[in-house]
Amino acid sequence: MLVFHSPYWFLLLIPVTLILIWRLIFWKREARFPFPSFIPLKEMGVERSTIWGYIPWVLRIGAILLLILVIARPQSSSKEREIHTEGIDIVLVLDISSSMLAEDFKPQNRIAAAKEVAKEFIDGRTSDRIGLIVFSGESYTCCPLTLDYTMLKEFIDRIEVGAIEDGTAIGNALANALNRLRNSEAKSKIIILLTDGENNRGEIDPLTAAQAATPLGVKIYTVGVGGEGAAPYPFQTPFGVRYRNVPVKIDEELLRKIADITGGAYFRATDENKLREIYNRIDRMEKTKIEVKEYRTYSELYLPFALIAALLIISEIILSGTRLRRAP
């Protein structure tokens with residue numbers, strides 16, 4: 001980027017412009033004397049064309065303008081940034097049991113809403129590693145910790161209910177997530193567990209998994225998803241899909257204890273907007289610290305303009321003293 005160290009020198013352009021205007025008017029009013037022949041003028045070394053007489057003056061004005069530019073000190077400016085981040089490692093743990101097909105998150109079901117809001121949450125991060133674990137009766141890593149958010153969102157799009165044995169193994173899912181964070185050197189490590197049910201499968205007790213998170217410095221945020229009372233659930237029948245209201249059963253006490261043990265928080269999402277608000281709240285609570293230092297470097301650019309100005313002055317002096325000299 002081009003900048004000027006002393007731009008106030010451009011105020012000199014005002015008198016230069018006034019002189020230019022005055023000179024043009026003066027030229028128009030110059031007296032003209034008739035000559036019967038140009039031969040005496042040629043013998044005196046005066047050319048017939050008056051256009052050439054303007055050249056020294058034009059060179060002088062050009063040199064003055066360039067000298068004003070030189071003393072204003074044109075510089076090229078470049079900006080450099082030094083960014084220091086304290087990244088957060090985040091593992092999203094998503095329940096994909098069959099109950100996530102309940103359609104109390106109109107106009108879509110729970111799993112579709114959970115996937116959409118999770119992707120929005122990922123879009124709000126910049127320098128945090130994020131991983132994805134899904135679970136129902138079993139738990140498996142869908143995507144390890146990564147900064148490739150595009151790939152991560154593609155994995156989320158591929159999630160389907162029924163891909164693994166049905167059930168709700170919360171303890172196993174938390175243990176799997178902790179295993180992903182065990183060797184993490186991030187300043188902050190968190191797990192966001194989203195489920196709509198009660199722990200009924202798996203070999204690991206959820207509270208035991210939560211207690212194991214404490215020495216690792218991992219905070220667990222738990223989110224219970226589901227409306228109040230009952231939710232419409234699709235059933236396949238010989239006559240097609242039929243809906244039946246199924247009671248919403250979320251072990252809120254367990255989820256609250258898991259969060260309390262690790263210093264996290266428990267949230268209840270009864271619709272998609274509430275779920276979005278929860279993720280936004282977690283996003284604000286666990287924000288990456290970014291320190292940005294900016295440096296500017298300047299390079300002087302006046303030398304080429306100074307050389308051109310000197311060349312114009314020398315040319316004006318030479319031409320005025322030789323070919324374009326005025327008649328005595």
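No lab work stands behind these numbers, since they all come straight from the coordinates. Computed from a prediction, not measured in an experiment: that's the story for all the values here. With ideal geometry, Cβ positions are generated from the backbone for all residues, glycine too; neighbour counts draw on all protein chains shown.
Given a Förster radius of 35 Å and the C-beta distance between TRP57 and THR126 as r, what FRET efficiency does 1/(1 + (r/R0)^6) yield to the nearest 0.05?
0.05
For labels at ILE71 and GLU228 in the simple 7 Å Cα→Cβ model, what's the distance in nm?
Inter-label distance under the simple model: 8.0 nm.
Roughly how many nanometres apart are two label points built 7 Å out from the Cα toward the Cβ at THR141 and MET285?
The two pseudo-label positions are separated by 2.6 nm.
For a 18 Å ceiling on Cα separation, which of these pairs sit above it: LYS187/LYS219; LYS115/LYS274; LYS187/LYS274?
From LYS187/LYS219; LYS115/LYS274; LYS187/LYS274, over 18 Å: LYS187/LYS274.
For the residue pair SER98 and ILE21, what label-to-label distance in nm results when each label sits 7 Å from Cα along the Cα-to-beta-carbon direction?
Result for the modelled spin labels: 9.0 nm.
Between GLU198 and GLU277, what FRET efficiency comes out of the Förster formula 1/(1 + (r/R0)^6) with R0 = 30 Å and r the beta carbon distance, rounded to 0.05?
0.80
How high is the relative contact order of region 95-218, in percent, counting Cα pairs under 8 Å that sit 6 or more residues apart?
27
For GLN108 and ASN179 in the same chain, what is the full-extension length gain: residue separation times 0.36 nm, less their Cα-Cα distance, in nm?
Separation in residues times 0.36 nm, less the Cα-Cα distance, equals 22.3 nm.
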